[in-house]
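The values are calculated or read from the model by the stated rules, or taken from the named source; none is laboratory data. Model, not experiment: these values are computed from the prediction. In this analysis, Cβ positions are derived from the backbone assuming ideal geometry, glycine residues included, and neighbour counts consider all displayed protein chains. Note: accessible area is taken over every heavy atom of the protein model, side chains too, but ligands, DNA and RNA are not part of it. Shrake-Rupley method; radii C 1.70, N 1.55, O 1.52, S 1.80 Å.
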Amino acid sequence: QVQLEESGGGLVQAGGSLRLSCAASVYILIIRAMYWYRQAPGKERELVASITSDLYTNYADSVKGRFTISRDNAKNTVYLQMSSLEPEDTAVYYCNLPLDGKNFWGKGTLVTVSS
């Protein structure tokens, strides 16, 4: 059973920064792609960023230029560096790992951006 644990969320003022971490219980070196999603109150979960095993990254238009996804295979961890945060970024952020036809999710970490 794959386990994912997010951390790093919190309360930050608009314009501030946070770094989220997602620690996986498997060797992510073998994982083709990993993802960060977020879900704001009353909204559907949306894809924020992705990173492949060859370090190709992709971002939602709303976070391009502000967020950076990275991975440390030695630590089995994926990161999401968030800068220039806006109140609209307030959400629960989830790590996602597709593996063997299944989708694994962490419990999420709450990010609250105050104006």
For Leu99, residues with placed amide H under 5 Å, excluding near neighbours: Phe104
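Working with all protein chains in place, sort Asp72, Asp61, Asp89 by solvent-accessible area computed with a 1.4 Å probe, largest first. All intermediate terms of the calculation are to be shown ahead of the outcome.
On the way: Asp72 45, Asp61 125, Asp89 0 Å².
Most to least solvent-accessible, the answer reads Asp61, Asp72, Asp89.
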Size descriptor, Kirkwood hydrodynamic radius, that averages inverse alpha-carbon separations across the chain, Å: 14.0 Å
Largest to smallest accessible area among Ile30, Ile69 [probe 1.4 Å]: Ile30, Ile69
Spin-label zone in region 27-42 - amide nitrogen under 17 Å from a point set 7 Å from the Cα of Asp54 along the C-beta vector: 29-34
Options Tyr35, Thr77, Ser114, ranked by Cα towards positive dipole end of region 22-115, top entry (Cβ charges): Thr77
Fluctuation leader among Tyr93, Tyr35, Tyr27 - the chain, Gaussian network, Cα springs under 10 angstrom: Tyr27
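Counting only heavy atoms of protein chains, what accessible area per residue, in Å², does the chain have with a probe of 1.4 Å? Kindly include the intermediate steps, with their values, before the conclusion.
Values: 6520 Å² over 115 residues.
So the chain comes to 57 Å² accessible per residue, rounded to a whole number.
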Global form of region 26-83, assessed from the alpha-carbon gyration tensor, a/c cut-off 1.5: prolate
Assigned charges on the beta-carbon of Lys, Arg, Asp, Glu; the chain dipole about Cα centre (debye): 140 debye
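Where does each of Glu6, Glu44, Glu86 land when they are ordered by accessible area, with a 1.4 Å probe and the largest first? Provide the component values of the computation, followed by the final result.
Working: Glu6 20, Glu44 160, Glu86 75 Å².
Result, largest first: Glu44, Glu86, Glu6.
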Placed amide H near Phe67: partners under 5 Å, 5+ positions off or other chain: Ser83
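Using 0.36 nm per residue of separation minus the Cα-Cα distance, give me the extension gain between Ser25 and Thr68 in nm, one decimal.
13.2 nm
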Stretch gain in nm, segment Ser114-Glu86, where the contour uses 0.36 nm per residue and the Cα spacing is subtracted: 9.3 nm
